[in-house]
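This report concerns only the one structure given below.
The values are calculated or read from the model by the stated rules, or taken from the named source; none is laboratory data. Every value quoted in this text rests on a predicted model; they were computed, and no experiment measured them. Cβ placement follows ideal geometry from the backbone for every residue including glycine, while neighbour counts extend to all protein chains displayed. For the accessible areas, the whole protein counts, side chains as well, though only heavy atoms, and no ligand, DNA or RNA atoms are used. Shrake-Rupley method; radii C 1.70, N 1.55, O 1.52, S 1.80 Å.
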Amino acid sequence: MKKYIFFLLSIFLISCDVTNSNKNAMHSDTNYRPSFHFTPAENWMNDPNGMFYLDGTYHLYFQYYPDSNVWGPMHWGHATSKNLVDWKEHPIALYPDEHGYIFSGSAVVDYQNTSGLGTSENPPIVAIFTHHDPEKAKAEKIDVETQGIAYSLDQGMTWTKYEGNPVIKNPDIRDFRDPKVFWDDTNSQWVMVLAAQKKVMFYSSPNLKDWELLSDFGETIGHHGGVWECPDLFPLKIESTGETKWVLLVSINPGGPNEGSATQYFVGDFDGNTFRLDPTFKSQLDKENNFWVDFGRDNYAGVTWQNTERSNGNKLFIGWMSNWDYATKVPTTTWRSAMTIARELQLHKDENGFRLHSIPATELDARFEEIINLNQTKVTAQKTLVEAPTVELHKSKIEMTITLQQDTDIEFKLSNSANNSLAFGLDASENEYYVDRRKSGKLDFADKFAHRLSVMPRVSTTNTIQATLYIDKTSIELFWDNGKNVMTEIFFPDTPFTQLSVTTSNEIELTHFTIDQLN
Ligand code: FRU
């Protein structure tokens, strides 16, 4: 009897404890749940996958493990949005099967029903993804990853796996994954770009089922600090010259400019068979080899939407807002990790060569409203710019143009009453922008989270600085100089940041300075 009472008592105590720790988790989770960035309601998420736009709806799939808040057997989760801010999560789109886990990939609207998987009246959406076989991985086999397809006849809501999978067998390359497919109108073919360890490989197909190897790129080009992953290839028109160039994105992990995972890019031409670097870009690369979509630590595996119709022909991009250096340890428990805001990628060219810019997608504007205007404010040394409750900085957008003299250091600081702060600004002597999260709150959950500040060369020396910032509860996205220099970083303050101040080494003028808040 005594034993029985002891047993019941222990069960009771254990369940109290679980309830309490859940409560604590829930409490800190609520403080960290982003206001305008996509997170799954529960559990683990990484890369964005299969994004396409159809009939006014943006579809976003993502690497998802529904049974835990750390990485595990990969599924494709699914969410949709009409405005790129408010997302609705749907049932899981793709489950692991006899070929393995469902790794990253893309989706296309097969308008001409080239695959025969739908009809011309109801064209199929076809998802192309990597099957990763965990048994083969455990046995240290080489042919772990193959490419498979699935199709949807109800606009991406439910999916059927193609029975002829795999559509591309493994060619004896251990890391062989993340297919991104697009319709090449000039050559009337589907083109796939795929990561293959130290390079990307290009394939073509008439029907999304039969694929032929075209060429490869990159074995000795660009950064190789880690394995190549999640490539993307698309044309962009340069507004100033009217010429069209092809941009190749390649994520690498590790080996990013501020450690861990990051996404590099290349500019060139694609003739339907081979991608070749543009000669100007090649000489830029020979000089610098420092071309990243985002220099911050938290924008990885990002790719572009299919089937978007932007009037300027630019591409819409979203990234996973974390870093493999610490993603599985960040201090949220109910879910883990968020996506970046959606961005428009633009290609620019000037006397220094090509540069890829990212600017926040204009679709976001509709959800933000101006509440503070500090235009023409002069700052000589230090100034508190805004404080709660006038503004809720953790759901804000800031736009600024600063006029400054040569050699001026500027530091902005977000802070709270718990003595946490996040600093960012311009270091004039290095001509570098930086983000410093070394005092930003919870830091010790991972060694590599805050052991250094993140820096980025400022590719301009003019006496004005322009910036657009998006600040959420646990992230800042900094678009400096019209999106020429971009940094995305996450942080976990003990309480929300409530104050924004600025410190400067010479007088500056905030020629333009407005704060919008999420409405
Ligand atoms: C990138 C990545 C991909 C892979 C997926 C697995 O973050 O490693 O290469 O498909 O994550 O979840």
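Considering each residue of the range 276-306, count those that are more than 13 Å from the chain's Cα centre (by Cα) and surrounded by fewer than 23 Cβ atoms within 10 Å (Cβ to Cβ), and give that number. Residues that pass the stated criteria total 16.
Rundown of residues vs (1) of a type outside the set (Val, Ile, Thr); (2) within 16 Å of the ligand (Cβ to nearest atom), yes/no style:
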{"position": "290", "(1), (2)": "yes, no"}
{"position": "318", "(1), (2)": "no, yes"}
{"position": "327", "(1), (2)": "yes, yes"}
{"position": "336", "(1), (2)": "yes, yes"}
{"position": "339", "(1), (2)": "yes, yes"}
{"position": "354", "(1), (2)": "yes, no"}
{"position": "362", "(1), (2)": "no, no"}
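Give the residue that is nearest to residue 108 (Cα to Cα), with candidates limited to residues of the range 230-271 that are surrounded by fewer than 17 Cβ atoms within 10 Å (Cβ to Cβ) and touching a Gly at 6+ places or on another chain (Cβ under 7 Å). Looking at the filtered set, the residue picked out is 237.
You will find that of 95, 53, 111, 64, the residue that is open to solvent by 40 Å² or more (accessible area, probe 1.4 Å) and within 16 Å of the ligand (Cβ to nearest atom) is 95 and no other. The strands (runs of 3 or more DSSP E) falling completely within the range 307-379 that include 1 or more residues that are open to solvent by less than 10 Å² (accessible area, probe 1.4 Å) and in the same structural domain as residue 84 (by TED's automatic domain parsing) map to 315-320, 343-350, 353-360.
Please go through the range 171-184 and pick out each residue that is away from the ligand (no atom under 16 Å from the Cβ) and surrounded by 14 or more Cβ atoms within 10 Å (Cβ to Cβ). 182, 183, 184 - these are the residues of the range 171-184 that are away from the ligand (no atom under 16 Å from the Cβ) and surrounded by 14 or more Cβ atoms within 10 Å (Cβ to Cβ). Does any residue of the range 1-11 turn out to be part of a loop (DSSP other than H, G, I, E, B), more than 24 Å from the chain's Cα centre (by Cα) and at pLDDT below 95? Within the range 1-11, one or more residues are part of a loop (DSSP other than H, G, I, E, B), more than 24 Å from the chain's Cα centre (by Cα) and at pLDDT below 95.
Does residue 171 meet the test of being out of contact with any strand residue (DSSP E or B) (no Cβ under 6 Å at 6 or more places or on another chain) and of a type outside the set (Lys, Arg)? Yes; evaluated as a whole, the condition is true for this residue.
Condition check ((1) on the phi > 0 side of the Ramachandran plot; (2) open to solvent by less than 10 Å² (accessible area, probe 1.4 Å); (3) assigned to a loop (DSSP other than H, G, I, E, B); (4) among the aliphatic types (A, V, I, L, M)) across all residues:
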{"site": "186", "(1), (2), (3), (4)": "no, no, yes, no"}
{"site": "191", "(1), (2), (3), (4)": "no, yes, no, yes"}
{"site": "204", "(1), (2), (3), (4)": "no, no, no, no"}
{"site": "208", "(1), (2), (3), (4)": "yes, yes, yes, yes"}
{"site": "228", "(1), (2), (3), (4)": "no, yes, no, no"}
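Scanning the range 68-83 for residues that are among the polar types (S, T, N, Q) and buried (at least 16 other Cβ atoms within 10 Å of the Cβ) yields 69, 80, 81. For the range 151-165, the condition holds for no residue, the condition being that it is among the hydrophobic types (A, V, I, L, M, F, W, C), in the same structural domain as residue 56 (by TED's automatic domain parsing), within 16 Å of the ligand (Cβ to nearest atom) and surrounded by 14 or more Cβ atoms within 10 Å (Cβ to Cβ). In contact (Cβ under 8 Å) with a residue 60 or more places away in the chain and closer than 15 Å to residue 45 by Cβ: does that describe residue 108? Answer is no for this residue.
Taken together, the residues in the range 402-418 that are outside any loop (DSSP other than H, G, I, E, B) and open to solvent by less than 40 Å² (accessible area, probe 1.4 Å) amount to 6. Residues in the range 114-137 that are more than 16 Å from the ligand (Cβ to nearest atom), at pLDDT 95 or above and open to solvent by 50 Å² or more (accessible area, probe 1.4 Å): 116, 119, 121, 122, 135. Checked against the criteria, residue 490 counts as closer than 24 Å to residue 364 by Cβ, of a type in the set (Val, Ile, Thr) and at pLDDT 95 or above. Kindly evaluate residue 454 against the criterion of being in the same structural domain as residue 394 (by TED's automatic domain parsing) and more than 23 Å from the chain's Cα centre (by Cα). No. Of everything in the range 214-226 that is hydrophobic (A, V, I, L, M, F, W, C) and in a strand (DSSP E or B), the residue that is surrounded by the fewest Cβ atoms within 10 Å (Cβ to Cβ) is 214.
Take the conditions (1) over 25 Å from residue 347 (Cα atoms); (2) in contact (Cβ under 8 Å) with a residue 40 or more places away in the chain; (3) away from the ligand (no atom under 15 Å from the Cβ); (4) more than 25 Å from the chain's Cα centre (by Cα); residue 168 misses just one of them, which is (3).
As an exercise: evaluate residue 399 against (1) open to solvent by 50 Å² or more (accessible area, probe 1.4 Å); (2) farther than 17 Å from residue 486 by Cα and give the number of the one condition it does not meet. Unmet for residue 399, out of (1) open to solvent by 50 Å² or more (accessible area, probe 1.4 Å); (2) farther than 17 Å from residue 486 by Cα: (2).
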